[in-house]
Amino acid sequence: MRWRRIGDVILVSWLLVAALWVARNWIHNDGDWEPLDTRGIVLICAFVAPLYLRAYAPIAMLAVSYVVSAVYLTLGYYHSAVTFTLALAVFTVAEQRSRRQSVAAAVLSMLLLLWAQHRVYADGRVLGALIALFMLLVGWMFGDNTNRLAERGQQLAELTARLRREQQERAHQAVSNEQGRIARELHDVVAHHMSVISVQAGLGRYVLGTDPDTTHRALAVIADTAHEALSEMRRMLAVLRVSTQDTPFDAAPALDRLPQLLERVRAAGAAVELVVAGEELPLPPGLGLCVYRVIQESLTNVLKHADPPEATVTLRWSPQRLEVLVADEGRRPPVPSEPDTVQHGLIGMRERARIYGGVLSTGPRPEGGFLVSLSLPLQERSDD
């Protein structure tokens, strides 16, 4: 900005000197021009001086220059001294103001120069008029193009800022989604493993003095379950820790770990049967984790709420879909002992199913007990 002001001062000063020199030395002998005197010099300085402020008030600058130029031309001074001044004034308005304002400024300036040309040369001088009009037209075109380029640059800057905000919003959304995923993972891990530990701890305390073997088995289940829970929690929380260490963590659980899950639930006192129908297909890691967590959450609820804790896990494979059914035979209390936890678990299961285009439904069975049903599409993923 500072260098532009310096450039304006140099340009306008040069234009003032040029206008004074042209008005004194370029007067044609065949024209009825007034010789440049002190009044003419003052008028030239008066219509050039506003250009020093052209960057701050272009419309006011043009108005002052136009009025003084009209007085200068009316008194019969040489009109070419005005042409470059009006051309720069029109350029400034076209550069900084709307096209409607700049076109009006250019037309008024052209009319003023044509009037001055006709006033001196009654027979008409086409070449001189064309040169004057051409100078104003060039000034307007350059100013208008500069204005359009500035507007495009501003639009590009606004677009860049908007894209940056959208990227930040997407990044925040990704973080929020990841936090939600970790929350669901933690809920599933803590709810399931702590339920197993709670049941086994109660059993061990009950038979502590009468059945040492059962007590030892209960403590072994507690130790194994706690170890697995800690391993899974370390794996999940690793994504929250900024570290350059290549610390190995176990892979996310999938259907290959379903037998260990069933054994752990059986060890906690539940009778669980696994039924597989159809040919098993390989699943992507995310889809396998979804199925594993839904079965885990369902069996956790069986341990907590079914009486007696008996369940059947059914996997029905087809090339298009995987159907997962977890049905328990036990009666459930009319009001769950931990309604918030149960509700959170059901919401988490439905959210997992929705992410992969599946449908999850839960509810009591007509013949008694409770049923969790998960249906996941496989055809599109296998086509990919």
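The values are calculated or read from the model by the stated rules, or taken from the named source; none is laboratory data. Everything numeric here is computed off the predicted structure, so don't read it as measured data. For neighbour counting, all protein chains shown are included, and Cβ atoms are generated from backbone atoms with ideal geometry for every residue, glycine included. We work out accessible area using only protein heavy atoms, side chains counted, and drop any ligands, DNA or RNA first. Shrake-Rupley method; radii C 1.70, N 1.55, O 1.52, S 1.80 Å.
A few comments on the model shown:
- Positions within region 103-114 being under 29 Å from Trp21 (Cβ atoms) and open to solvent by less than 60 Å² (accessible area, probe 1.4 Å), in sequence order: Ala105, Ala106, Ser109, Met110, Leu112, Leu113
- Listing of helices (runs of 4 or more DSSP H) fully contained in region 1-82 that carry 3 or more residues being open to solvent by 20 Å² or more (accessible area, probe 1.4 Å) and at pLDDT below 80: 2-25
- When region 309-350 is filtered for residues that are open to solvent by 60 Å² or more (accessible area, probe 1.4 Å) and either within 19 Å of Val265 (Cα to Cα) or at pLDDT 75 or above (or both), the ones remaining, listed by number, are Glu310, Arg316, Pro319, Gln320, Arg321, Glu329, Arg331, Arg332, Arg350.
- All conditions but one from (1) of a type outside the set (Phe, Trp, Tyr); (2) in a strand (DSSP E or B); (3) surrounded by fewer than 22 Cβ atoms within 10 Å (Cβ to Cβ) apply to Pro282; the one that does not is (2).
- Put simply, of Gln296, Gln260 the only residue that is open to solvent by less than 10 Å² (accessible area, probe 1.4 Å), out of contact with any strand residue (DSSP E or B) (no Cβ under 8 Å at 6 or more places or on another chain) and either free of Cβ contacts under 8 Å to residues at least 12 places away in the same chain or polar (S, T, N, Q) (or both) is Gln296.
- When Ala157, Ala150, Ala220, Ala183 are checked against the criterion of being at pLDDT 75 or above, more than 21 Å from Glu263 (Cα to Cα) and surrounded by 11 or more Cβ atoms within 10 Å (Cβ to Cβ), Ala150 stands alone in meeting it.
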